[in-house]
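The values are calculated or read from the model by the stated rules, or taken from the named source; none is laboratory data. Please read all numbers here as calculations on a predicted model, not as lab measurements. Cβ sites come from the backbone with ideal geometry, for glycine too, and all protein chains shown count toward neighbours.
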Ligand code: GLY
Ligand code: MN
Ligand code: MN
């Protein structure tokens, strides 16, 4: 799969006379001399399937019209007995070509000394600037060194291109291999959400569910959580990016869980909102039903040819009518849409692309118009209603209710596939999942 990704990207690079230099992520300090768990950069992983730090990929397409092969060159850490005893095994230069399908591999220590000879002769270079000052500085120094040799006939890249229009457009359209991986991520997310619903009781702490999610993601083979889990009881659900996850869950409240497994560094992103007691109150049901109907209508809208924006508009139409019926907005649906008073209760958009990054790359517009959905795209659909505990203009029975429902939708040739469809979502299915006794 990763070799195919490289070949597609190389063909595009050849078309525009560019080579590409793609670093993985830098390691990040967590405290003193300990680091955060390493995750490769999504672009680098997409093109290599290689997860060691200190690695760079250099892609050199053959000149247009030539029958030379393209070249993929990996720079990686050389094997080192002492370092491997302390910090873990390394693939090493010798085994990299056969293991990863690259044409050549070199010690990353030699990257900057070897780079000029490879960049020479290419008019353009694809490189993401602005992510790491050290990398930017080293690259600019290399380019300026090459340009200094222009009198001896050296052609140095004249333009640095952002990976967005080429690589990120490729990443937007998921291949069958990627979709399989995303199905695995969604299947583990299903297990994790079910475990959480079955485990939760009044008095459970949000942190226990946070840990149970992580435990299930890792135990089932995932690389971890695709983003920071949100486990938000009661009014905490009205904080959209709630991260504390440390409050005691109260009888009679709803718990909102926004958590997705990452599998082979591909994300899932799912939200469920369920009753802590196991049964929704009538007031909670009334809000839940509006959000669910908005989500189902928006998912129906996920068809090739419909625009990305139209998915939001369909959700918003259902939400606004529901907000009026619930007594949260006043006026006709058109008036509420016009004056945007719905924003007090629904202040975010209905979704985003998803893939290697939970908020994945790829443009949302064609010119100044919202982009049409096409087969292979994956997006989330995640409407919600958030009624703060101190919302004076909300009926008192509804205060402190926050509900979001989120699924991951693959656009197919004739419609869509909901990758997270198995996760309980109707009121009946959610209550049944909450009533189950956890298997532990
Ligand atoms: N969990 C982040 C999001 O739903 O976009
Ligand atoms: Mn989410
Ligand atoms: Mn999302």
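Below are the figures for this structure:
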| quantity | calculated |
| --- | --- |
| Test set (1) more than 22 Å from residue 164 (Cβ to Cβ); (2) not in a loop (DSSP other than H, G, I, E, B) - residue 305 fails condition number | (2) |
| Failed criterion for residue 321 (all others in (1) in a helix (DSSP H, G or I); (2) within 16 Å of ligand 2 (Cβ to nearest atom) hold) | (2) |
| Any hit, segment 310-325, residues being touching a strand residue (DSSP E or B) at 6+ places or on another chain (Cβ under 6 Å), modelled with pLDDT of 95 or more and within 16 Å of ligand 1 (Cβ to nearest atom) | no |
| Yes/no for residue 347 being farther than 30 Å from residue 179 by Cβ and under 23 Å from the mean Cα position of the chain (by Cα) | yes |
| Residue match in segment 25-46 (condition: over 30 Å from residue 225 (Cβ atoms) and surrounded by 13 or more Cβ atoms within 10 Å (Cβ to Cβ)) | no |
| Counted residues, segment 217-253 - those being under 19 Å from the mean Cα position of the chain (by Cα), assigned to a helix (DSSP H, G or I), surrounded by fewer than 22 Cβ atoms within 10 Å (Cβ to Cβ) and in contact (Cβ under 8 Å) with a residue 12 or more places away in the chain | 0 |
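For (1) at pLDDT below 95; (2) within 30 Å of residue 174 (Cα to Cα); (3) within 16 Å of ligand 2 (Cβ to nearest atom); (4) out of contact with any helix residue (DSSP H, G or I) (no Cβ under 6 Å at 6 or more places or on another chain), each residue gets a yes or a no:
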| site | (1), (2), (3), (4) |
| --- | --- |
| 226 | no, yes, yes, yes |
| 252 | no, no, no, yes |
| 259 | no, yes, yes, no |
| 264 | no, yes, no, no |
